[in-house]
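The values are calculated or read from the model by the stated rules, or taken from the named source; none is laboratory data. Bear in mind that the values here come from a model prediction, so they are computed numbers and not experimental data. As a convention, Cβ positions derive from the backbone with ideal geometry for all residues, glycine included, and neighbour counts pool all protein chains shown.
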Amino acid sequence: MLLVPLATGAVVGRPVGDRVVSVLLLAAAALGLFCARTPLEAWLGISPWRAQNPRERRVILHSIYIYTSVSLGALAILLCQIQSYGLFMFIALALAWRKGWLPSLALLAFAPVLWRGLPWFFSSTSRLQIRRLGVGELIHAVIFAALLIVSFHLHV
């Protein structure tokens, strides 16, 4: 049942060459997340199946790690294939904030970068003009550094 929509989309899209690899990577990511669901529910205690001892909990955590690694690896390869490297920055920022490594106020320092960079990340036709650095970028860098320093100072 899980693979029927994926197979239908692959047949309709007629993948040829490298696109077949993309479909297989997407299938690996979907299957990895699907397989991680049951161990994750058991680990969280919201499933009828629960770990009875530390050994079973360890097996559950290892299976969650393996399935999640397969999914994340396949998704990372897919993102590299479509050259969407900017999404890695968004993912890294969200992870750093979620883990508590980045204070919430520090996200404010990234707001101008995200505001200006978001359209560029998702448009593959335009190139970033790196040589066009001027006073605006310098002011932005100074404000960014100040906000980052203040947010970490207030976080401690």
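Hey, does the stretch 74-81 have a residue that's at pLDDT below 90, exposed (fewer than 14 other Cβ atoms within 10 Å of the Cβ) and not in a helix (DSSP H, G or I)?
No: the stretch 74-81 contains no residue that is at pLDDT below 90, exposed (fewer than 14 other Cβ atoms within 10 Å of the Cβ) and not in a helix (DSSP H, G or I).
Read through the list (1) surrounded by 14 or more Cβ atoms within 10 Å (Cβ to Cβ); (2) over 28 Å from Phe110 (Cα atoms); (3) under 24 Å from the mean Cα position of the chain (by Cα), then give the number of the only condition that Leu2 fails.
Answer for Leu2: the failing condition is (1).
Please identify the pairs in which a residue from the stretch 47-65 that is part of a helix (DSSP H, G or I) has its Cβ atom under 7 Å from the Cβ atom of a residue that is not hydrophobic (A, V, I, L, M, F, W, C), counting only partners at least 6 apart or on another chain.
Within 7 Å, the pairs are Ile60/Pro39; Ser63/Pro39; Ile64/Pro39.
Taking the criterion of being in contact with a Lys or Arg (Cβ under 6 Å, 6 or more places away or on another chain) and of a type in the set (Gly, Ala, Ser), would at least one residue in the stretch 45-63 satisfy it?
Narrowing the stretch 45-63 to residues in contact with a Lys or Arg (Cβ under 6 Å, 6 or more places away or on another chain): 51.
Next cut, of a type in the set (Gly, Ala, Ser) only: 51.
There is at least one residue in the stretch 45-63 that is in contact with a Lys or Arg (Cβ under 6 Å, 6 or more places away or on another chain) and of a type in the set (Gly, Ala, Ser).
Is it the case that the stretch 97-120 has a residue that's part of a helix (DSSP H, G or I), modelled with pLDDT under 75 and exposed (fewer than 11 other Cβ atoms within 10 Å of the Cβ)?
Scanning the stretch 97-120 turns up at least one residue that is part of a helix (DSSP H, G or I), modelled with pLDDT under 75 and exposed (fewer than 11 other Cβ atoms within 10 Å of the Cβ).
Can Val23 be described as more than 30 Å from Ile143 (Cβ to Cβ), part of a helix (DSSP H, G or I) and either assigned by TED's automatic domain parsing to the domain that holds Leu148 or free of Cβ contacts under 8 Å to residues at least 12 places away in the same chain (or both)? Break it down into steps so the answer makes sense when it comes.
On the way: more than 30 Å from Ile143 (Cβ to Cβ): yes; part of a helix (DSSP H, G or I): yes; either assigned by TED's automatic domain parsing to the domain that holds Leu148 or free of Cβ contacts under 8 Å to residues at least 12 places away in the same chain (or both): no.
Judged against the criteria, Val23 is not a match.
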